[in-house]
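Only the coordinates and a few stated rules stand behind these numbers; no lab work does. Everything quoted here is computed from the prediction, not taken from an experiment. Please note: Cβ atoms are built from the backbone with ideal geometry, for glycine as well, and neighbour counts cover all protein chains shown.
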Amino acid sequence: EAFIGVCEAVSTLWRREQDLAALFSEHLFVREEGSGSRRILENALLKEGANLSSFGRTTVVGGIGPIKQLVAENRGIAFLNRISVEKELEEGTLKEIPIRRFAVAHPFHVVHLKDFRDRGPLQELLSFYR
């Protein structure tokens with residue numbers, strides 16, 4: 001699953017490729033400690049010699065919905081799983097920030113009961129991601 005930077009459509013950040021360091025002056029919205037998306041971001045930043053405090057201002061928000069709303073109001077940027085912002089990207093309310101040499105992806109795991117009987121919808125979901 002792709003993990004991307006997003007901004008509001010009015011922002012100029014999405015119009016051309018950015019260096020990661022150029023985003024450090026932006027207000028960053030992140031999930032709470034212990035969330036998977038925050039861990040992915042922290043690890044990706046660490047590989048680039050950066051961390052959350054590299055950003056001028058970071059605000060912890062307890063949920064993807066409120067983060068998307070804050071970004072859509074042009075209050076800052078966020079890094080989220082592409083699938084979680086697919087609708088907003090299609091509608092044009094959020095835009096992906098192209099970041100030079102910062103391609104982050106992570107595995108997507110599906111967990112189900114061993115004796116799960118109705119595999120039709122599950123197989124449909126899995127085929128979508130393959």
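So if each residue of separation counts as 0.36 nm, and I subtract the Cα-Cα distance between Arg57 and Asn74, what length gain in nm does that give? If you can, show how the numbers build up before the last one.
Working: separation 17, 0.36 × 17 = 6.12 nm, distance 1.43 nm.
Length gained between Arg57 and Asn74: 4.7 nm.
Apply the Karplus curve 6.51 cos²θ - 1.76 cosθ + 1.60, θ = phi - 60°, to the phi angles in the stretch 52-67 and return the couplings in whole Hz, x for Gly and Pro.
Values, residue by residue: 4, 6, 5, 7, x, 8, 10, 10, 8, 10, x, x, 5, x, x, 5 Hz.
Ranked by Cβ crowding within 10 angstrom, fewest neighbours first, how are Phe24, Phe102 ordered?
Ranked by crowding around the Cβ, least crowded first: Phe24, Phe102.
When Lys87, Lys114 are ordered from fewest to most other Cβ atoms inside 10 Å of their Cβ, what list results? Walk me through the numbers before you get to the answer.
Details: Lys87 11, Lys114 4.
Exposure proxy ranking, most exposed first: Lys114, Lys87.
When the chain is fully extended, how far beyond the present Cα-Cα distance does Arg15 get from Arg100, taking 0.36 nm per residue of separation?
29.3 nm
Going by how many other beta carbons lie within 10 Å of each one, how would you line up Glu32, Glu42, Glu88, fewest first?
Arranged by neighbour count, lowest to highest, Glu32, Glu42, Glu88 become Glu32, Glu42, Glu88.
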